[in-house]
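K.L.:
Structure below; questions to follow.
The values are calculated or read from the model by the stated rules, or taken from the named source; none is laboratory data. Worth saying up front: this structure is predicted, and the values here are computed from it rather than measured. Note that we place each Cβ from the backbone using ideal geometry, even for glycine, and neighbour counts take in every protein chain shown.
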């Protein structure tokens, strides 16, 4: 029944206008991480991060907001994010190993 429902905007694409190297505004799409000079507060501007960007953006947030503590966290982060610090574009053997491990954990069999 239509009166039981309320129409709301579930998501909205947005853009960020950021200063370029010459100090002029430039239109950017995607997500921008902003931290205060003292790293006391941080935020994400722009498009809300989806699954493909959420983890890299949060890792960058940890690096920028906690530069003194981040090195102590890298081992634990690598346990949680095995791909951290690796490029799947340049290391085919490592990429295959990660894909096989992912398939095993998800019960998909080897691919």
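K.L.:
Could you give every pair whose Cβ atoms fall below 8 Å, whose first residue belongs to segment 13-41 and is over 19 Å from residue 69 (Cα atoms) and assigned by TED's automatic domain parsing to the domain that holds residue 69, and whose second residue is modelled with pLDDT of 80 or more and assigned to a loop (DSSP other than H, G, I, E, B), counting only separations of at least 6 or pairs across chains?
P.N.:
Sorted first by the residue in segment 13-41, then by its partner, the pairs are 26/20.
K.L.:
Which one of these is under 17 Å from the mean Cα position of the chain (by Cα) and either at pLDDT 75 or above or outside any loop (DSSP other than H, G, I, E, B) (or both): 32, 75? Give the derivation first.
P.N.:
Details: 75 fails: under 17 Å from the mean Cα position of the chain (by Cα).
Answer to the selection: 32.
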